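Here the structure comes first, spelled out in structure tokens, and everything after it is commentary.
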Amino acid sequence: MKKLDTSKSTKECIFKAAVYLFYDHGFDGTSVRDIAKRAGVNPATISYYFKGKQGVLEACFTHFFEPYLRFLQEEVEALNYVSADLCLKRAVYKILKFQSDNHQLSRFIWREVSIDSQVVREIISSYLMKERHYMKRLFEQGMRDHALKKQPVSFLVIQLKSMLTMPFLHSQQLREVWQMFPQEYYFIDQYYKNIDQWIDLLLVSEAKEVLKKELII
């Protein structure tokens, strides 16, 4: 019989408990004792695995941004053999799906990033600068290949980032005002279709559109 990895399950329980509480009460409104109580462990166990509440916060950023950036990196690397507009659409869908699957973590992360703090400044200098780099690569390569219209790249990055984060940063408003739920796949599919249209209408070049029509004919 395979032996259960109790250390892994304990660490995961602590992490999941922390995400739930950070989402519900915020980082400052959650204590180590709160996390320990929800996870069913001794507070000292949290220090053992995460070196305290700050370590849990850093784990949250790692769990969120490493997959998030990997999706962008994968599509940047695919630019050698796939058109930029398709790479952009695939990156958007992967990120939306990931955030939907982890909607509590996503809301907490984007909310935390909006607050000026030493931790956030460190995040900006590492994760968010990489995010900007990958997004710029997607847009700039598309413009060089004439797949995308030439436009100010910085504004396109800001627009795309806003569309990707909005449903999760403002999930409470979506639920209470619009009765929309970012954790549901139906919402993600419909929301993705609108971003897909934004890419086609605003970004895809006339030359690419002509080529697509010729292929259809």
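The values are calculated or read from the model by the stated rules, or taken from the named source; none is laboratory data. Just so it is clear, the structure is predicted and the values come from calculations on it, not from any experiment. Note that each Cβ is placed from the backbone with ideal geometry, even for glycine, and that neighbours are counted across all protein chains shown. Side chains included, ligands, DNA and RNA excluded: accessible areas come from the protein's heavy atoms. Shrake-Rupley method; radii C 1.70, N 1.55, O 1.52, S 1.80 Å.
Remarks
- Exclusive hit being closer than 30 Å to residue 198 by Cα and surrounded by 14 or more Cβ atoms within 10 Å (Cβ to Cβ), set 19, 92: 92
- Single match in 138, 105, 203, 169 (criterion: open to solvent by less than 70 Å² (accessible area, probe 1.4 Å) and more than 27 Å from residue 78 (Cβ to Cβ)): 169
- Close Cβ contacts (under 6 Å, 6 or more residues apart or on different chains) running from residues in the range 106-134 that are without any contact (Cβ under 8 Å) to a residue 24 or more places away in the chain to residues that are among the aliphatic types (A, V, I, L, M) and crowded, with 19+ Cβ neighbours inside 10 Å comprise 120/113.
- Residues satisfying the stated conditions in the range 22-47, i.e. under 18 Å from residue 109 (Cβ atoms) and open to solvent by less than 70 Å² (accessible area, probe 1.4 Å): 22, 23, 26, 27, 29, 30, 35
- Conditions (1) open to solvent by 60 Å² or more (accessible area, probe 1.4 Å); (2) modelled with pLDDT under 95; number of the one not met by residue 52: (1)
- Complete set of residues in the range 46-91 that are closer than 27 Å to residue 9 by Cβ and not in a helix (DSSP H, G or I): 51, 52
- Flag for residue 100 being in contact (Cβ under 8 Å) with a residue 24 or more places away in the chain and under 16 Å from the mean Cα position of the chain (by Cα): yes
- Failed item in (1) at pLDDT 95 or above; (2) surrounded by fewer than 16 Cβ atoms within 10 Å (Cβ to Cβ); (3) touching a helix residue (DSSP H, G or I) at 6+ places or on another chain (Cβ under 8 Å), with residue 157 passing the rest: (2)
- Qualifying residue in the range 74-82 (condition: more than 30 Å from residue 144 (Cβ to Cβ) and open to solvent by 20 Å² or more (accessible area, probe 1.4 Å)): no
- When the range 157-188 is filtered for residues that are more than 17 Å from the chain's Cα centre (by Cα) and on the phi < 0 side of the Ramachandran plot, the ones remaining, listed by number, are 172, 173, 174, 175, 176, 177, 178, 180, 186.
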